[in-house]
Amino acid sequence: MLNLTRLSSSCPAASSTPGLTRRFLASHPHHTATNGATASFKHVGIPHATIPKTGVAVSRIGFGGYRINNSTAEHKLALLEAVKSGVNVIDTSAHFENGASEELIGEALKDLFVNNFIKREQLVLISKAGYLQRSDTKDFVASDYVQINDKHFHSLSPAVLDAHITRSLRRMGIDQLDVFMLNSPERMLLAKNKPFTKSDVYASISLAIRHLDTEVAQGRIGGYGICSNSMSNPLAPDHISLATILDDLGHGRADNFVAVQAPFNLFERGVVGGDVYEDGVAAAGDPLAKIAAV
């Protein structure tokens, strides 16, 4: 589940805007399904919400780019159909399919824009960085990353973030990502090549955020956030605390921190509330959504 707490501002140089996102979603109104409506299910619209701090309107269902690429024609068709059905949130990552996910999204965007089906300002485009493979490390120095195993590495270094933002923009044929996420910072705790503590993770996040503020100033991203599998579960051994990260930022520096992404399903409900249990023990503290809304 994607939880957006705030959003800011080829295929024309642009980013999502409140007015045009609302206009797009208004053209795909949500209708509540009723008994006997199964036959017309394909006409049921997608519910949407407004991001309170910016007014940007987003569909409550997004299109995830994990494992999509051009080798399967249905992947692009699925994305096109999703947007035509009212989805305006597209989420991917620099490492998905070694960049092929972003390339497919770029091709789909080109089709959508050329045919005037949707404007760039009506879409919310999200990508991430952090995961590296051995072939990626040749472009960076050893101090830029940690090694997870023989094939996989992880990094939040400014050099890696800069390179991945550049590649993401090129692959998708756009000038700005609406949201850029630091992907799974807690994974760095698995480092095999050097000791890496939670204090080191928070220090890496702080350094990364300072760099991402410069990316916002340059207009290459509209805002940033963190994607984490453990952030919503205080009992997880690799838990990283959103409250700690926001406290480090301080109120004056948190304007560009716009989103968090965490799992949400029947078993993982720490995003919105409900007790989080592990071995019969309940976690204390506020749900992630409450912390993010501060």
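So the values come out like this:
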| item | result |
| --- | --- |
| Qualifying residue in region 270-277 (condition: surrounded by fewer than 17 Cβ atoms within 10 Å (Cβ to Cβ), at pLDDT below 85 and touching a strand residue (DSSP E or B) at 6+ places or on another chain (Cβ under 9 Å)) | yes |
| Qualifying residue in region 177-185 (condition: surrounded by fewer than 17 Cβ atoms within 10 Å (Cβ to Cβ) and either more than 20 Å from residue 223 (Cβ to Cβ) or not acidic (Asp, Glu) (or both)) | no |
| Cβ-Cβ under 9 Å pairs, at least 6 apart or on other chains, region 222-243 side assigned to a helix (DSSP H, G or I), far side surrounded by fewer than 18 Cβ atoms within 10 Å (Cβ to Cβ) | 243/285; 243/286; 243/294 |
| Residue list for region 146-182, restricted to those being under 17 Å from residue 209 (Cα atoms), among the charged types (D, E, K, R) and part of a loop (DSSP other than H, G, I, E, B) | 178 |
| Filter pass, residue 205 being assigned to a helix (DSSP H, G or I) and closer than 14 Å to residue 144 by Cα | yes |
| Scan of region 17-44 for residues that are part of a loop (DSSP other than H, G, I, E, B) and either touching a strand residue (DSSP E or B) at 6+ places or on another chain (Cβ under 9 Å) or at pLDDT below 75 (or both), ordered by number | 28, 29, 30, 31, 32, 33, 34, 35, 36, 37, 44 |
| Residue 200 being buried (at least 17 other Cβ atoms within 10 Å of the Cβ) and at pLDDT 95 or above | no |
| Residue in region 79-122 that is surrounded by the fewest Cβ atoms within 10 Å (Cβ to Cβ), counting only those that are over 22 Å from residue 58 (Cβ atoms) and among the polar types (S, T, N, Q) | 115 |
| Odd one out for residue 212, checked against (1) of a type outside the set (Lys, Arg); (2) under 18 Å from the mean Cα position of the chain (by Cα); (3) surrounded by fewer than 19 Cβ atoms within 10 Å (Cβ to Cβ) | (3) |
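The values are calculated or read from the model by the stated rules, or taken from the named source; none is laboratory data. Everything numeric in this text was worked out from a predicted model, so none of it was measured. Every residue, glycine among them, receives a Cβ derived from its backbone with ideal geometry; neighbour counts consider all protein chains shown.
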